[in-house]
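Engineer: The structure that follows is given in the form of structure tokens.
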Amino acid sequence: MKPRKIPTNPGSVLKQRRCDLGYSIEDAAQASGIPQRHIRLLETEQLSRLPTFLYVKAFVRRYSAFLKLPPDAIISAFERIYAAEKHAMAEFELPQKKPLVRWNPRFLMRFVFVGLFAALIVYAVVQSSALFRSPFLAIEEPQQDIVVAIDEIAIHGRTDPQAELSLNGEQLVVDDSGVFNETVLLNEGVNTLTITASNRFHKTARKTIRVTFRPDAN
């Protein structure tokens, strides 16, 4: 049994295969159900701009299967790139700067007092504004009225980190920066996906996306 050959530039392999099959990025996104943005980032190997590597592996496996490429070798190549990026980030250190101010106890106490006072004012303003506004909610993927040929689709978006989020009544997980990712199973035909964000003051924001699953969309 021959050892599995791992490409050094998996993004270029995916792009070349797509072009050989005569697909544009728009065609590939519609046929595979993978967002155009994710396809572009995979083909240019910009993994840091994608969600967690768990999602990257799922997208690579689905995209490789769509392009009729061996997914394991492509995933292994992306794992090497991801590990190299993490190693480079761990070794990066900002140069230390010399302090511009010589600290003394009296100055330090005054600085702490002013800082706490300013923080209290900012906190009060933020909390009072939250009483009157709905939480922020943006759906980045999928596009409205997209037609796909597979029975699942990835939802990616952002909201306020403290907001509670639900999809058609089912709770979604929001990370500390307000980003959420979810894969949804689709029924054949038109699927209505309603994402609702609510804050502790019972203010809500709602977005509705329609996705059509049509097995013969290819």
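Engineer: Tell me, yes or no, whether the stretch 101-111 has at least one residue that is of a type outside the set (F, W, Y), at pLDDT below 90, assigned to a loop (DSSP other than H, G, I, E, B) and touching a Lys or Arg at 6+ places or on another chain (Cβ under 9 Å). Spell out how you get there, then give the answer.
Structural biologist: Of the residues in the stretch 101-111, the ones of a type outside the set (F, W, Y) are 101-102, 104-106, 108-110.
Remaining after also requiring at pLDDT below 90: 101-102, 104-106, 108-110.
From what is left, the residues that are assigned to a loop (DSSP other than H, G, I, E, B) are 101-102, 104.
Still in the list and also touching a Lys or Arg at 6+ places or on another chain (Cβ under 9 Å): none.
No, the stretch 101-111 has no match at all.
Engineer: If a residue must be in a loop (DSSP other than H, G, I, E, B) and within 18 Å of L54 (Cα to Cα), how many such residues does the stretch 148-176 contain?
Structural biologist: Step one: of the stretch 148-176, the residues in a loop (DSSP other than H, G, I, E, B) are 149-151, 160-163, 168-169, 173-176.
In the following step, the residues that additionally are within 18 Å of L54 (Cα to Cα) were identified as 173-176.
Selection size over the stretch 148-176: 4.
Engineer: Also: Could you tell me whether Y82 is of a type in the set (S, T, Y), under 26 Å from V173 (Cα atoms), in contact with a helix residue (DSSP H, G or I) (Cβ under 6 Å, 6 or more places away or on another chain) and surrounded by 13 or more Cβ atoms within 10 Å (Cβ to Cβ)? Reasoning before the result, please.
Structural biologist: Values: of a type in the set (S, T, Y): yes; under 26 Å from V173 (Cα atoms): yes; in contact with a helix residue (DSSP H, G or I) (Cβ under 6 Å, 6 or more places away or on another chain): yes; surrounded by 13 or more Cβ atoms within 10 Å (Cβ to Cβ): yes.
The answer is yes for Y82.
Engineer: Tally the residues that are outside any loop (DSSP other than H, G, I, E, B) and surrounded by fewer than 17 Cβ atoms within 10 Å (Cβ to Cβ), restricting the search to the stretch 37-52. Steps first, answer last, please.
Structural biologist: To start, the set of residues in the stretch 37-52 that are outside any loop (DSSP other than H, G, I, E, B) comprises 37-43, 47-49.
Remaining after also requiring surrounded by fewer than 17 Cβ atoms within 10 Å (Cβ to Cβ): 37, 40, 48-49.
Residues that pass the stated criteria total 4.
Engineer: Does N191 qualify as being more than 18 Å from the chain's Cα centre (by Cα), outside the structural domain of D27 (by TED's automatic domain parsing) and crowded, with 18+ Cβ neighbours inside 10 Å?
Structural biologist: yes
Engineer: Name the residues in the stretch 194-218 that are crowded, with 17+ Cβ neighbours inside 10 Å and within 21 Å of the chain's Cα centre (by Cα), would you?
Structural biologist: Of the residues in the stretch 194-218, the ones crowded, with 17+ Cβ neighbours inside 10 Å are 195-199, 205, 209, 211, 213.
The answer is I195, T196, A197, S198, A205, I209, V211.
Engineer: Which of the numbered conditions does H202 fail, given that it passes all the others? Conditions: (1) within 22 Å of L54 (Cα to Cα); (2) without any contact (Cβ under 8 Å) to a residue 24 or more places away in the chain.
Structural biologist: (1)
The values are calculated or read from the model by the stated rules, or taken from the named source; none is laboratory data. Computed from a predicted model, the values in this text were never measured in an experiment. Counting neighbours? That spans all protein chains shown, and the Cβs are built from the backbone with ideal geometry, glycine included.
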